[in-house]
Amino acid sequence: MPLDSHIPSGPMAMKWSKHKQDSKLINPKNKRKFTILVVGSGLAGSSAAATLSELGYKVKCFCFQDSPRRAHSIAAQGGINAAKNYQNDGDSVHRLFYDTVKGGDFRAREANVHRLAEVSVNIIDQCVAQGVPFAREYGGMLANRSFGGAQVSRTFYARGQTGQQLLLGAYSALNKEIAAGGVQMYPRTEMLDVVTVDGHAKGIITRNLVTGKIEAHAGDAVLLCTGGYGNVFYLSTNAMGCNVTATWRAHKKGAFFANPCYTQIHPTCIPVSGDYQSKLTLMSESLRNDGRVWVPKKKEDIGKPPGQIPEADRDYILERKYPSFGNLAPRDISSRAAKEACDDGRGVGPGGRGVYLDFAEAIQQFGAKTIAERYGNLFDMYERITGESAYKQPMRIYPAVHYTMGGLWVDYNLMSNLPGLHVLGEANFSDHGANRLGASALMQGLADGYFVIPTTIANYLVHQKPGSVTAEHPEFKKALEVCTAQTKGFLACKGKRSVDSFHRELGLLVWDKCGMARDRAGLTEALKRIPELREEFKTNVIVPGSGDACNPELEKAGRVADFMEFAELLCLDALNREESCGGHFRTEHQYPDGEAKRDDENFCYAAAWEYTGDLGKPTLNKEPLSFEEVHLAVRSYK
Amino acid sequence: MSQLNLHLKVWRQNAGQPGHFQDIEAPDIPDHASFLEMMDIVNERLIAKGQDPVAFDHDCREGICGMCSMQINGVPHGPEKATTTCQLHMRKFRTGDTIWIEPFRAKAFPVIKDLVVDRSAFDRIQRAGGFITVRTGSPQDANALPIGKEVADAAMDAAACIGCGACVAACKNASAMLFVSAKAGQLNTLPQGKPEKDRRTLGMVRQMDKEGFGNCTNQYECEAACPKEISVRWITKLNRDYAVAIVKEALGNSPKVAGGGD
């Protein structure tokens, strides 16, 4: 199937302006006749629901949490990028665009990234007007900090909780519209399926997580703002409820899933401490400014207290391997170096999956007081979780999954190949290529919701007769039956293993074979084992309780069933992409010094996978990527 | 790492029915596990025995989403100061301990199942005025309105509230004053929030009363239980803002109060 990305013609810097001019308008009286279903209430979902309602559309918004304010956007710490150039340090829309394309290792769509950089400035204005308490200078102007190795200071922040503050801003806009009657909110409601009528997405099936009722909702368009799929690895920095269900079910109804193998691993997380572990916690990367990463040189030293290992017996892995960058080597490089040391049997802590991040030298040089001023809250968090004081002994860190760049394929209007189905935020694939830069996720969620979809959705709706499909349509009845049967199937299985035990096993497998480093043999093995595990899940899972009440085990069962299927596509995509780029590292494709080796000749495309009914044999559609403004080059950090 | 043997007394309840405490033995709990991971282990064992696992709310497990909500030994979020349940770790307990685990209790937070309560009253209070009416795309440049660092920092102190409801659960009257005062206070402090200050204050306070939360008697249990250490000074400010708004209303300078809506 040919993929038309609908990128506007003309010079890069003029495309979005031109597209806004060329986009269709719907008069205010007619807007009221359209119903838009928004699934998810994070930054993308809340901002889209609120803005579409302001414009006059009727909106229904769904989230599985008990309140829209709890979506996982809330956990973002660092900040949000915007090309305001308030620092007068040479930033511009073009520079933010350039950094993002290069940071994505030339696997993002240029036109989308440029638009993202353009609207970034409006986001800050909007958030400040809503009362988001960004950090400020004494003169009353907004403060900025540098982030993620950028050469300019363009990151706006609100202490260590920028995500919460931006989400509360979007949530307040959503509340304003709920109070005004424009948005109907459905909390504790999980989407189970997309309903298509004549090839168009015209509704969804949901389950009420309090009463268990499975219901149909019809609309004129559907927006999926449902986040990423990092929890396929079981352990990640994502919230426990984050899942792939909405996007995966849409995929099975015809939407293409693009670049699932692009997953981002963050180097500084608190390591796994036991098999009871449920999630991983991120520690700010800023710690690497003063901390030195090391492991013992000798395997027999791994059990010794770190203080008893003399200087000569320590291997400062990053300083040794990357003398110019040292402990500030980029995320992907640092993550892989830690993995290599642990694979070599020199990892520290429980399970041998950890490296030391040592502040002893910094404390000696600057004093404990200065270090406490810089990192006190992080040291406290570390102590709360591990029971160890980083003032007295080195921290232990290990990389963890925390963001996924892949997602449903969308065109310039953020519409998938399935007409009517729009995908926003982390759930789509378009803006970050193979690697996302720090402080860019919040920017994209809000750009899509506040500024892109309110304009581009009209290009679809203008061709639709509002309210033409109702939930009485036979397709809804059919979908309701399928979802009800699936729920009953989980409950009727009455096997021997809990949902979590399957999820853990799947996660370990995918992390091992399709995590920080991937190779043909490992991926092939995973592709053999995933279907076996999936089959066992079908016949041996146990889900207690009933379907017509609050039943968290049943919710998990549906999510894990979808991860079991999705994991196969993740590995297939990783196997197909015979190159290394960004977060996707194939050990067969590297330079002698360990740098990722891209293959622009053969792989400069977005891989958009099409469901064929056979999970092991999806069809690959390619959207070729062309780079007009930022020229293809080796992404070197040396 | 050591293992703990614990005796749990866990509240079990189905919506609309009377509840009871269930005795659950929890041997061999790793002291490195978080409190919620201990509950995961307990649930896995219950499932293996063919019993109904304990339902509890949780999501981010890093102390920011505000979803986890247990009363542990009578204290919301348990014994550790400024810590949510998900960040509480088992090394704070001793082997042999008996731990009482209950839902957040308040008339305005009805039990859905076991430890899961309905906190949608907080959302309805926010809808009654907890926002600044600004249309997407209409604002001026962000730096056109200077806001002093002290003011911005104060607003940020209030904005740190994660809406978990521990303040309500800690209060003998189940008052929501700390939550409402933090939410109203953030916006009432900032210049952007001034135009709607009176209608916001009246709207939120009246919705709070309608939801069935009790009155504040200034004993500050809420502040002690708050995982984000929100100060009771915000309650003082809310009382002041409310007095001003109500007097203006009585004098006929009436703000039109936003609807609660749902």
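Laboratory data are not the source of any read-out in this text; all were calculated from the coordinates shown. All values reported here derive from a predicted model rather than from experimental measurement. Neighbour counts are summed over all protein chains in view; Cβ atoms, including those assigned to glycine, are modelled from backbone coordinates with ideal geometry.
Return the sequence-ordered ³J(HN,Hα) values of region A:20-35 in whole Hz as given by the Karplus equation 6.51 cos²θ - 1.76 cosθ + 1.60 applied to θ = phi - 60°, using x for Gly and Pro.
Residue by residue, region A:20-35 yields 5, 4, 7, 5, 6, 10, 10, 5, x, 5, 6, 4, 4, 7, 8, 10 Hz.
I need the shape label for the protein assembly as shown. Rule: rounded when a/c is under 1.5, else prolate if a/b > b/c, else oblate, with a, b, c from the alpha carbon gyration tensor.
Since a/c stays below 1.5, the shape of the protein assembly as shown is classed as rounded.
Angle, helix A:474-493 long axis vs. longest principal axis of chain A, Cα atoms, 0 to 90°, nearest 10?
Once rounded, one gets 40 degrees.
For a test of the definition: using alpha carbon positions, the gyration tensor, and the 1.5 limit on a/c, classify region A:474-610 as rounded, prolate or oblate.
Note, shape of region A:474-610 comes out prolate.
Applying a 10 Å radius around every beta-carbon, put A:231-243, A:378-390 in order of their mean neighbour count, most first.
A:231-243, A:378-390
In the structure shown, do any of A:K58/B:K194; A:K299/A:K513; B:K107/B:K183; A:K176/B:K237; A:K20/B:K194; A:K252/A:K477 have a Cα-Cα gap over 27 Å, and if so which?
Over 27 Å Cα-Cα: A:K58/B:K194; A:K20/B:K194.
In percent, how large is the relative contact order of region A:259-345, given Cα pairs closer than 8 Å and 6 or more residues apart?
Contact order relative to length: 29 percent.
Using only alpha carbon pairs under 8 Å that are at least six residues apart, calculate the relative contact order of region A:1-94 and give it in whole percent.
20 percent
Between region A:491-550 and region A:397-439, how many Å separate their Cα centres?
If we compute the Cα centre of each part, the gap is 24 Å.
Does anyone have the angle between helix B:149-159 and the longest principal axis of chain B? Alpha-carbon axes, 0 to 90°, nearest 10?
With both axes taken from Cα atoms, the answer is about 50 degrees.
Cα axis of helix A:552-576 to longest principal axis of chain A: angle in degrees, 0 to 90, nearest 10?
Taking Cα atoms only, the helix is inclined about 70 degrees.
Which percent of Cα pairs goes in each bin when the distances of region A:1-100 are cut into 5 angstrom slices starting at zero?
2, 10, 12, 12, 15, 19, 18, 9, 3, 0
Relative contact order of region A:474-610, please, whole-number percent, based on alpha carbon pairs below 8 angstrom and at least 6 residues apart.
28 percent
Can you list the residues, at least 5 places off or on another chain, whose amide H is less than 5 Å from the amide H of A:R396, using H built in the peptide plane?
For A:R396, whose amide H was placed from the backbone, the distant partners under 5 Å are A:L357.
Explain nothing, just compute: Karplus ³J(HN,Hα) = 6.51 cos²θ - 1.76 cosθ + 1.60, θ = phi - 60°, for every residue of region A:198-211 in order, whole Hz, x for Gly and Pro.
6, x, 9, 6, 10, x, 9, 10, 10, 10, 6, 7, 9, 9
Is region B:75-146 rounded, prolate or oblate when judged by the Cα gyration tensor, a ≥ b ≥ c being the square roots of its eigenvalues, rounded requiring a/c under 1.5 and prolate requiring a/b larger than b/c?
Oblate shape, in that a/c is at least 1.5 and b/c is the bigger or equal ratio.
Under 5 Å between amide hydrogens, which residues at least 5 positions from A:G203 or on another chain qualify, with H placed 1.01 Å from N in the peptide plane?
Placed amide hydrogens put A:V195, A:G219 under 5 Å from A:G203.
Which ordering of A:L461, B:L251, B:L46 is given by a fewest-first count of other beta-carbon atoms within 10 Å?
Ranked by crowding around the Cβ, least crowded first: B:L251, B:L46, A:L461.
Working only with C-alpha atoms, what are the Rg and Dmax values of region B:119-250, expressed in angstrom?
Cα-based Rg and Dmax for region B:119-250 come out at 14.7, 46 Å.
Residue by residue, what Karplus-based ³J(HN,Hα) values in Hz, rounded to whole numbers, does region A:454-463 have, using 6.51, -1.76 and 1.60 with θ = phi - 60° and x for Gly and Pro?
x, 8, 7, 5, 4, 5, 8, 4, 4, 9
In terms of modelled amide H atoms, which long-range or inter-chain residues lie less than 5 Å from the amide H of A:Q184?
For A:Q184, whose amide H was placed from the backbone, the distant partners under 5 Å are A:V59, A:K60, A:C61.
Per 10 Å bin, what percent of the C-alpha pairs of region A:368-435 does each bin hold, from zero upward?
Cα pair-distance distribution for region A:368-435, in percent: 18, 28, 14, 20, 17, 4.
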